[in-house]
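Student: I have a structure here, written as structure tokens, and I will follow up with some questions on it.
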Amino acid sequence: MSDGQPSHQAPATARTRVGRPLLSLALASMMDEVHAHSGAVYLLAPQEPVLEMAVMAGLPRAFAAPWERVGLSAPIPVADALRERRLVWVGGEEEMARLYPRISVVLPYPFSLAALPVATESTAYGAVFVTWPGSHPPELSDRERTHLSAACDRLAARLARALEESVPLLPEPDLLAAPVVTGAAGTLGTVESARMVARLPYGLCSLDLHGRISFANAAAAELIGAPVSQLLGTQLWASVPWLNDPVYEDRYRAALFSQQTTSFVALRPPGDWLSFRLYPSTSGLTVRITRARAVTEMNRAHRPTAGDTPSRLVTISQVLSLAGALTEAVSVQDVVQLVADEIAPAVGSQALVVLGSRAGRLHVLGHQGYPDARVVERFDGLPLLERTPGTQALTTGVPAFYENEQELQRLYPARQATPDGFAAWAYLPLIASGRPVGTLVLAYAEPHPFAADERAVLTSLGGLIAQALERAVLYDAKHHVAHGLQAALLPHSLPLLPGIDAAARYLPATQGMDIGGDFYDLVPAQGQAAAVIGDVQGHNVTAAGLMGQIRTAVRAYTTVGQPPGEVMRSTNRLLIDLGADLFASCLYLRLDPEHGRAVMARAGHPPPLLRRPDGRVRVLDLAGGPLLGIDGSATYQTTEVDLAPGSVLVLYTDGLIESPGTDIEDALADLGRVLAQAGDLPLDELADLLVESCATPRGRIDDVAVLLLRARG
């Protein structure tokens, strides 16, 4: 595709088998070629900028639960690989923590990862990742890089062929080890080997990749305190109550990810400590169990206290992932989307509403999952004094759980409960800094019993969400003020001038407060026209305010008839007199379309581009002076430029061409090529094209202003 952006059309039909399990075989071959021990294939969702995991190999899919479905803009290796069309390499635990902290929080294990796009030149289909144990060298070898790239190219070609032939891709099973053998010695192969293991003085268990026990000898059963028949086919931490602790399951996950031996000790009530040592391979783990006598003696007096059963690790993983994601949420809609993407599916909820309060009334901050938006609108505007589930949770700060419609109707008549077509609800107060900042309503399609541990988890999640929501509400308010100020200081429209067509664009930086000091203007001037573009140092309200003063001053000096050089000198002196301690770059020009010329003065501003009627583009070499606000005695020379009918002048601020790691000369050359290849587009379309050409995957770090001027024929 010509614009380099992924196409979201391919997977609309891409869920089918091409004779054989295409994705599974491709992934297995790829992993075998580079000796990777796990991996997954993602496909783009139909009509959505979302990657969905299609098949995983080498590890249980539950390990990647937070990333089963990820947005194309998410800071995740597979999303980066497809979005930027490049191989993403993460060489170890420290690099993962630095580049992808959200993943590192959930999977803090030593392993390496490579992610690659699955795409042809014209169409994007998805992405792949593969992982290696922590023993892998910190750099990806040329052989591995070549094999992986070639394998992804082959997979893309096969998906393209399947799409052309309209052959759908059916769901494929994940690639894991062989199924559990339900026999005490089945996986050991011979009776004699089973007898040998039975004679060992310590316990031995064999676990598959899911952590299920496929073999246990008599010593293991005796040490654990459960018969072999009870253990087979189960997970240790699920079938043995005193091993039901996320810490122990984490050791199993660490062993599989790192392919390194791990161990832990656990207390078997009432006072015996056991040592568990896990030896991993790509097909599962062998667990050696012995008595930890030294620990037992040291802790003889210790007795565990009764308490609730710990939460499952997958829940903790999702909570950690959400906590990391919420630190990156900026706006209220970001928070709503994160809860919808990562929390609602985890707890089985089908819809959600985030409520706040304003002027004594309930206010809907965001919602997801309601087929009919009018249902949500019923929440909006309810007085807080009215007794409804939403107002009660917000005003009292007490969570409420309704397992079915009858329970809700018993406490709140139909007119108070605001029925929404769902069958169960959780109303979670979002409390930050000791006060309710909102309420999260989770709705369930079927009656849903809320166990005590689930209520505790949901309430805890409410605290995380509340902190993010408090920041987001404040940000949205500041953003609204900033946007209004920026809009007030820039021209609402450009004047219609004889002999000149004009178009302008302004884009705020995507990092920061969305306000800056870039400005532009077009001013009638005694039968001619004056144009100005500039950039005040900084991205804050002070810079924006100063920008407004400079723009007003330029208009005033133009109106009284000052020539370009004098306009620049007067503006420079004004900026120094204001004592703002800020500098500004500026480019001012007087247009005379009747005589086909323009006179320009420049103060430290990037040079404009001129596209001639024959399509040739050149960067104008203009005389100039220092930045405004530095030297009160500075003078600004002027340069006269021929402006033939059909010529286009491109004035811009440095945000259009500057980005980290980019050479300014190369950026100017790229901008010139875009302008030359654009042809005779209408100016509005040309302005959009130039702005889009400067887009970067990581967002804009500076404001962008563009002013285009075309001399009519």
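Student: Out of (1) of a type in the set (Val, Ile, Thr); (2) within 25 Å of ALA598 (Cα to Cα); (3) open to solvent by less than 70 Å² (accessible area, probe 1.4 Å), what's the single condition that is false for ILE576?
Tutor: Just one mismatch for ILE576, condition (2).
Student: Filter the range 576-592 down to the residues that are part of a loop (DSSP other than H, G, I, E, B) and either among the aliphatic types (A, V, I, L, M) or more than 18 Å from TYR636 (Cα to Cα) (or both) and list them by number. Break it down into steps so the answer makes sense when it comes.
Tutor: The initial filter retains those residues of the range 576-592 that are part of a loop (DSSP other than H, G, I, E, B), namely 579-583.
The answer is GLY579, ALA580, ASP581, LEU582.
Student: Turning to a different aspect of this structure: Could you tell me whether ASP153 is of a type in the set (Asp, Glu), modelled with pLDDT under 90 and either within 18 Å of VAL41 (Cα to Cα) or open to solvent by less than 80 Å² (accessible area, probe 1.4 Å) (or both)?
Tutor: Values: of a type in the set (Asp, Glu): yes; modelled with pLDDT under 90: no; either within 18 Å of VAL41 (Cα to Cα) or open to solvent by less than 80 Å² (accessible area, probe 1.4 Å) (or both): yes.
Criteria not met by ASP153.
Student: Quick one: would you say GLU566 is under 21 Å from ALA502 (Cβ atoms), of a type in the set (Asp, Glu) and either at pLDDT 85 or above or out of contact with any strand residue (DSSP E or B) (no Cβ under 6 Å at 6 or more places or on another chain) (or both)?
Tutor: Working: under 21 Å from ALA502 (Cβ atoms): no; of a type in the set (Asp, Glu): yes; either at pLDDT 85 or above or out of contact with any strand residue (DSSP E or B) (no Cβ under 6 Å at 6 or more places or on another chain) (or both): yes.
When the stated conditions are applied, GLU566 does not pass them.
Student: Suppose we keep only residues that are in a loop (DSSP other than H, G, I, E, B) and either aliphatic (A, V, I, L, M) or at pLDDT 90 or above (or both) within the range 15-36. Which one would you say is farthest from LEU169 (Cα to Cα)? Working first, answer last.
Tutor: Step one: of the range 15-36, the residues in a loop (DSSP other than H, G, I, E, B) are 15, 17, 19, 21, 35-36.
This time we only want the ones that are either aliphatic (A, V, I, L, M) or at pLDDT 90 or above (or both), so: 35-36.
On the way: HIS35: 27, ALA36: 25 Å.
Result: HIS35.
Student: Name every residue in the range 44-68 that is surrounded by fewer than 22 Cβ atoms within 10 Å (Cβ to Cβ) and out of contact with any helix residue (DSSP H, G or I) (no Cβ under 7 Å at 6 or more places or on another chain), in order of residue number.
Tutor: GLU48, PRO49, VAL50, GLU52, PRO60, ARG61, ALA64, GLU68
Student: Considering only the range 110-131, state which residues are farther than 25 Å from ALA255 by Cα and either in contact (Cβ under 8 Å) with a residue 60 or more places away in the chain or in a strand (DSSP E or B) (or both).
Tutor: Of all residues in the range 110-131, those farther than 25 Å from ALA255 by Cα come to 116-127.
The answer is LEU116, PRO117, VAL118, ALA119, GLU121, SER122, THR123, ALA124, TYR125, GLY126, ALA127.
Student: Does ALA543 qualify as being of a type in the set (A, V, I, L, M, F, W, C), closer than 16 Å to PHE519 by Cα and either modelled with pLDDT of 85 or more or more than 42 Å from the chain's Cα centre (by Cα) (or both)?
Tutor: Values: of a type in the set (A, V, I, L, M, F, W, C): yes; closer than 16 Å to PHE519 by Cα: yes; either modelled with pLDDT of 85 or more or more than 42 Å from the chain's Cα centre (by Cα) (or both): no.
No, not satisfied.
Student: Okay, next question. So the check is Cβ under 7 Å with 6+ separation or different chains; which pairs have a first residue in the range 188-210 that's under 27 Å from PRO60 (Cβ atoms) and in a helix (DSSP H, G or I) and a second one that's basic (Lys, Arg) and at pLDDT below 85?
Tutor: The qualifying pairs do not exist here.
Student: Could you tell me how many of the residues in the range 614-642 are at pLDDT below 90, open to solvent by less than 50 Å² (accessible area, probe 1.4 Å) and closer than 21 Å to LEU671 by Cβ?
Tutor: So the count comes out to 3.
Student: Another question, if that's okay. What do you reckon, is ALA226 over 43 Å from the mean Cα position of the chain (by Cα), within 23 Å of ARG195 (Cα to Cα) and crowded, with 21+ Cβ neighbours inside 10 Å?
Tutor: Values: over 43 Å from the mean Cα position of the chain (by Cα): yes; within 23 Å of ARG195 (Cα to Cα): yes; crowded, with 21+ Cβ neighbours inside 10 Å: no.
Spelling it out, it is not the case that ALA226 is over 43 Å from the mean Cα position of the chain (by Cα), within 23 Å of ARG195 (Cα to Cα) and crowded, with 21+ Cβ neighbours inside 10 Å.
Student: Pull up the range 71-109, narrow it to residues that are modelled with pLDDT of 90 or more and part of a helix (DSSP H, G or I), then point me to the one that is nearest to ASP142 (Cα to Cα).
Tutor: Top of the filtered list is ALA81.
Student: Counting only residues that are in contact with a Lys or Arg (Cβ under 9 Å, 6 or more places away or on another chain) and open to solvent by 50 Å² or more (accessible area, probe 1.4 Å), which one in the range 484-506 is modelled with the highest pLDDT?
Tutor: From the range 484-506, those in contact with a Lys or Arg (Cβ under 9 Å, 6 or more places away or on another chain) are 489-491, 498-503; that's our starting set.
Those left that are additionally open to solvent by 50 Å² or more (accessible area, probe 1.4 Å): 498, 501.
Values: PRO498: 83, ASP501: 91.
Per the criteria, the residue is ASP501.
Student: If we scan the range 69-76, do we find a residue that is touching a residue at least 40 places away in the same chain (Cβ under 8 Å) and buried (at least 22 other Cβ atoms within 10 Å of the Cβ)? Steps first, answer last, please.
Tutor: Within the range 69-76, the first condition is being touching a residue at least 40 places away in the same chain (Cβ under 8 Å), and the residues that meet it are 69, 71-72, 75.
From what's left, buried (at least 22 other Cβ atoms within 10 Å of the Cβ): none.
Taking every residue of the range 69-76 in turn, none turns out to be touching a residue at least 40 places away in the same chain (Cβ under 8 Å) and buried (at least 22 other Cβ atoms within 10 Å of the Cβ).
Student: Need pairs with beta-carbon distance below 7 Å; first residue at positive phi and of a type in the set (A, V, I, L, M, F, W, C) and within the range 145-173, second open to solvent by less than 90 Å² (accessible area, probe 1.4 Å) and at pLDDT below 90; sequence gap 6+ or separate chains.
Tutor: Partner pairs satisfying both residue conditions: none exist.
The values are calculated or read from the model by the stated rules, or taken from the named source; none is laboratory data. What you see is a predicted model; the values in this text were computed from it and never measured. Heads up, the Cβs are rebuilt from the backbone with ideal geometry, glycines too, and the neighbour counts pull from every protein chain shown. With ligands, DNA and RNA removed, areas are computed over all heavy atoms of the protein, side chains included. Shrake-Rupley method; radii C 1.70, N 1.55, O 1.52, S 1.80 Å.
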